[in-house]
Amino acid sequence: MFDLPTKPYPKTWKDMSLDFRLMFIYHACMMILFVIGQKLTLREEILIAATVAVVLISISRRHRRATRWHWPGIRRQDGLFAIGAAIGIAFFLYAASPLFPPSDHRFLPWYLAGLGIGTFGILSSLRIAYPSEAEFLTHCRTIDQYGREADRASELPEVKNVEPDWKKVARGIYIVTFVLVWIAGVASFLAFGNSFKNGTSTPTATQTEPLTDYGKTVYVTRPEKQRIDQFQMATWLGVPVILVVGVTLHFLVGVKLAPNVPTLREYWDKKAHP
């Protein structure tokens, strides 16, 4: 699970699979809808989003039929990643709902955009969608000179993993820590939103702690305020630590965290041997 990343992420529009491009198009449409959504009703926004999704899915299906794509199936870890992606996107979107409810037409496009990204992540985990066109084509069939159907290579060429175990352990610890900091940040937003939504405009016998958002102050209970402070402290301390440790591990120590980003050693080796 924490092995060296071997499948490169597409760097250019040309390297992206059609599905990945369609996901970006859908996201752009939702951002436009978010901007003009002030003048639309909830039903109109849902209708527009559904129409865009149906058109893009139809384009993807036609492309898959033309390239004779076949599903390669999933492994156990693929299913786990898909479940994790579904839980993560649901948690993230739910955390915003107390302050920005999806039933409000001003915010619905934001949820639809997040749902699109999350759906693509789940489909990628299930090996149904692919960021890279090269990886997509490895699961397509082609016709040989005799008119017979022949399979392409089942997988992209694998890079032999000669990475020492300590790098896998370091990468695993970093990924787990990164996820924990992300959870703390989202939980902080959720706790703040719930408390602010249920706060009172004036202090009461139990709700004595002030909570301010964009100039508006409400009062919440002491345990609620302490919980928010704890989550915020974990986020404020965790984010810079994650950034510094990530840069150090990847560039200086050589524990590769991003497949497309060279470490310093790889960079200097490439400069020395172009």
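The values are calculated or read from the model by the stated rules, or taken from the named source; none is laboratory data. Bear in mind that the values here come from a model prediction, so they are computed numbers and not experimental data. Cβ placement follows ideal geometry from the backbone for every residue including glycine, while neighbour counts extend to all protein chains displayed.
Listed values, structure above:
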item	result
From the options G84, G73, residue that is outside the structural domain of V261 (by TED's automatic domain parsing), closer than 30 Å to K167 by Cβ and within 20 Å of the chain's Cα centre (by Cα)	G84
Test for L40: is it under 17 Å from the mean Cα position of the chain (by Cα), modelled with pLDDT under 95 and either more than 19 Å from I122 (Cβ to Cβ) or exposed (fewer than 14 other Cβ atoms within 10 Å of the Cβ) (or both)	no
Criterion: of a type in the set (A, V, I, L, M, F, W, C) and without any contact (Cβ under 8 Å) to a residue 60 or more places away in the chain - qualifying residue of F81, F92, F34	F81
Looking only at the range 159-173, and only at residues there that are out of contact with any helix residue (DSSP H, G or I) (no Cβ under 7 Å at 6 or more places or on another chain), in a helix (DSSP H, G or I) and aliphatic (A, V, I, L, M), the one that is surrounded by the fewest Cβ atoms within 10 Å (Cβ to Cβ)	V169
Lone qualifier among T217, T235, T221, T248 - being under 22 Å from Y9 (Cβ atoms), at pLDDT 95 or above and not assigned by TED's automatic domain parsing to the domain that holds P131	T248
Criterion (within 24 Å of G199 (Cα to Cα), of a type in the set (G, A, S), out of contact with any strand residue (DSSP E or B) (no Cβ under 7 Å at 6 or more places or on another chain) and outside the structural domain of G185 (by TED's automatic domain parsing)) met by exactly one of S60, S103	S103
First in the range 251-274 and touching a residue at least 40 places away in the same chain (Cβ under 8 Å), second anywhere and outside any helix (DSSP H, G or I) and of a type in the set (F, W, Y), Cβ under 8 Å, 6 or more apart	A258/Y9; P259/Y9; N260/Y9
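Listed here are the residues, each with its yes/no results for (1) more than 22 Å from the chain's Cα centre (by Cα); (2) buried (at least 18 other Cβ atoms within 10 Å of the Cβ); (3) in a helix (DSSP H, G or I).
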site: I175; (1), (2), (3): no, no, yes
site: A184; (1), (2), (3): no, yes, yes
site: T202; (1), (2), (3): yes, no, no
site: E209; (1), (2), (3): yes, yes, no
site: T217; (1), (2), (3): yes, no, no
site: E224; (1), (2), (3): yes, yes, yes
site: H250; (1), (2), (3): no, yes, yes
site: N260; (1), (2), (3): no, no, no
site: K270; (1), (2), (3): yes, no, yes
